Amino acid sequence: MSLFLPVNADTFPAGKINLPNPDSLPILLDPRLQPLTFSPPEGLELVKAEKNLVSIKWKDTAVIETLYVVERKTENGSYAEIKVLPKDSVSFEDITVEPGITYYYRVKAGKEEQNSATGKMEIKYSAYSNELKVTTPTSDGSTTGGPIKDIKIIGEVKRPSLEVKPKLPDISIKPDLGTVLGTGTDTETDTSTGTGTETGTGSGIGKFLELGIDPGSLTKPGAITIPGSGTESGTITDTETTPGTQSQDATISAEIKAPEGLVGEAISENQIALAWQDKSDNELGFLLYRTATGEWEEAAVLNANTTEYVDANLLPNTTYYYVLFAYNETSISTESNFVEITTPKAAQTQVTAPAAPEALAAEAKSPTEVVLTWIDKSDNEQGFIIYRTSTGEWEQAAVVSANTTTYTDINLKPNTTYYYAVFAYRDSSFSAQSNIAEVLTTQAASTALTAPEGLTAQAQKPNEVLLTWQDKSDNEDGFLLYRTSTGDWEVIATLGANVTTFTDIAVQPNTKYYYVVYAFAGETPSTESNMVEITTPSQTTATTVDFTGASSWALEELKKAVDYGLYTDRIMNNYTQSITREEFCELVVKLYEKLKGIAAVPVSPNPFIDTSNENILKAYGAGIVTGTSANTFSPNNLITRQDICVMLYRAITGSVTNVDTNIDGVPAFTDENLIGQWAVKEVKFAVKNNIMQGSASKIMPRDNTTREQAVLLVVRVYERFTDTKQINK
């Protein structure tokens with residue numbers, strides 16, 4: 001695909017024009033596939049909670065997400081979005097919380113994609129993660145996550161208090177600890193032989209001590225005396241005072257004896273079996289209370305003479321505390337002993353990955369339709385995921401149900417080679433990929449591409465050539481533009497359908513260039529357009545710019561920007577005025593085009609409703625900006641320093657090959673907590689490469705930037721990532 005073209009030749013010899021034959025779109029014949037899942041985040045849990053900080057984390061299980069959304073609510077409120085994070089995020093720190101408030105969090109993944117009907121970008125969301133409950137401390141210190149995610153203070157066990165006078169066995173009863181215990185003296189005689197047999201009398205505080213639970217969080221203990229050792233016989237005297245008020249609706253009566261000998265055993269990861277001795281003969285029933293967090297709740301209201309109960313629907317690997325009361329029409333007994341039981345960890349379910357489908361075959365049934373068939377070799381799949389490519393970039397074509405062995409893929413391009421692969425899946429486990437099937441769709445009845453006509457070239461600047469042509473086809477996928485000044489043709493741009501103009505800014509002054517353009521559809525190019533020849537003018541005198549009002553320290557960099565062509569007329573005045581998002585976007589596009597050597601192409605259709613600025617659309621198409629929402633850019637907002645770092649980072653990595661993005665060794669900033677998680681790497685990259693500097697160990701990420709400062713940053717990037725020998729060539 002080369003043609004020897006003498007640079008000084010005025011015409012081409014007849015019959016010797018060997019125009020380039022475009023390779024079009026190369027195919028990766030055996031790519032390594034990755035299932036494109038879009039699963040909700042998993043395992044949302046607390047990292048730590050402080051008075052004004054909640055740190056959470058989760059597992060990123062999605063593959064094709066483009067963002068994450070964190071939502072929060074208070075106890076009786078509704079969920080609201082508090083943060084949008086970039087793809088692959090697995091943590092978030094909420095610094096807007098207040099002390100002593102209970103918050104609930106949930107997270108979902110999102111992916112931006114274009115609506116085929118409207119052409120606008122839309123966001124689709126996964127299901128939500130699990131809900132996380134967090135209560136911030138009221139004083140300094142922090143709470144860390146654990147098996148009980150919403151526990152506030154380990155060991156803060158509160159006894160229940162009587163609120164409702166029980167009348168019938170099936171009434172929901174919520175006793176209050178203060179009224180159950182009141183104040184008084186607890187005397188208990190304990191005889192232990194070391195054999196596990198225990199006898200004794202008295203209420204639950206002595207028992208609570210025997211269980212190893214600190215009663216200081218429950219009551220104010222008095223003197224405790226345990227004489228002897230080994231086989232013991234002694235008296236424990238506990239004088240205690242517990243704050244609380246007696247209920248007016250029920251009383252604690254000695255006429256009802258408290259249950260004794262409450263014991264428990266975890267019989268599964270979510271069940272605990274309890275048993276006790278019924279010491280009263282006049283009860284209507286029993287009230288069983290349970291806690292794992294320090295907040296008591298009624299577990300069950302049981303019939304008279306009941307002496308055992310199985311508590312179900314519990315959490316694995318969690319410590320539970322239980323206490324029991326007897327009751328009748330007018331009275332509630334004192335509490336039983338307290339018992340502590342820990343449920344075992346959840347059993348790990350081993351999911352066997354399905355076997356890979358075999359013998360995948362593809363047959364073109366029409367110019368736009370391919371029928372796939374395969375053999376289902378697994379007996380435990382939940383379905384199959386079908387992948388397709390015609391460009392080397394795999395995409396998910398369909399998800400079909402279990403036992404399916406055929407699928408028809410429609411809306412394809414005529415005369416185009418497609419490659420397919422299939423996976424079986426179960427939950428989050430995937431089989432190996434099937435074989436890759438290749439198929440060429442048939443030629444459409446009328447798909448001949450008409451070559452572009454009327455190609456013209458204008459060179460009004462030493463480093464810029466404007467090309468225009470007429471689009472004579474109505475079924476092209478785009479255009480391929482070729483250029484040469486030496487006889488070796490090169491593709492300088494691949495453009496979209498219906499495009500009829502292109503500006504080549506990667507040219508040198510006083511040089512003769514040749515251009516030709518093709519239309520293409522799928523892998524089929526049209527014949528070539530006419531060939532056009534143009535010679536760029538010589539370098540002219542530097543542009544005159546008025547630097548009045550610029551800071552003295554900025555003058556040298558501003559002059560360099562003019563020499564490099566890295567400025568716009570609209571910002572070369574009022575130099576100390578803060579720069580807007582639109583103004584900086586225009587500037588960074590110039591930088592991107594200079595570094596890449598070709599003009600950026602505006603995205604179409606326009607994804608924004610608040611701007612049609614061509615440079616903003618170029619920046620969006622090049623991946624430099626994404627907007628402030630799915631359909632807004634906020635062009636007139638002032639840009640922050642961290643946003644500038646993100647735009648510069650994307651412009652550099654999108655235009656310069658083999659950029660070292662390592663940020664190791666960058667010292668921490670004292671205001672680093674103000675940097676958005678989506679911008680930390682980009683800010684540190686700018687600092688490491690001497691693009692942006694801070695002051696007094698601060699980087700001030702949310703401050704704005706003046707026009708002259710913005711120009712200085714762009715010049716630094718250009719000089720840092722351009723061969724200095726080529727800058728003024």
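Since every read-out is calculated from the coordinates, none of them should be taken as a lab result. Because the structure is predicted, anything quoted here is derived from the model rather than measured. A quick note on method: Cβ atoms are made from the backbone with ideal geometry, for glycine too, and the neighbour counts reach across all protein chains shown.
Below are the figures for this structure:
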item: Viscosity 0.692 mPa s, 37 °C: Kirkwood-radius Stokes-Einstein D of the stretch 552-727 over Cα pairs, µm²/s; result: 199 µm²/s
item: Cα gyration tensor shape of the stretch 559-630, rounded if a/c is under 1.5, else prolate or oblate by comparing a/b with b/c; result: oblate
item: Share of pairwise Cα separations in the stretch 358-435, more than 17 Å, in percent; result: 41 percent
item: Estimated vicinal HN-Hα couplings, Hz - the stretch 449-454 in sequence order (Karplus 6.51, -1.76, 1.60; Gly, Pro = x); result: 8, 8, 5, x, 10, x
item: Exposure proxy order (Cβ contacts within 10 Å, fewest to most) of ILE534, ILE571; result: ILE534, ILE571
item: Of LYS87/LYS618; LYS512/LYS596; LYS51/LYS345; LYS51/LYS688; LYS120/LYS377; LYS594/LYS684, pairs whose Cα-Cα distance is over 29 Å; result: LYS51/LYS345; LYS51/LYS688; LYS120/LYS377
item: Ranking of ILE644, ILE101, ILE56 by count of other Cβ atoms within 10 Å, fewest first; result: ILE101, ILE56, ILE644
item: Karplus-derived 3J(HN,Hα), 6.51/-1.76/1.60, for each residue of the stretch 554-570, Hz, glycine and proline x; result: 9, 4, 4, 5, 5, 5, 4, 4, 5, 4, 7, x, 9, 7, 10, 4, 5
item: Order of TYR425, TYR104 under a 10 Å beta carbon neighbour criterion, fewest first; result: TYR104, TYR425
item: Mean Cβ neighbour count within 10 Å, used as a protection proxy, ranking 312-321, 699-708 highest first; result: 699-708, 312-321
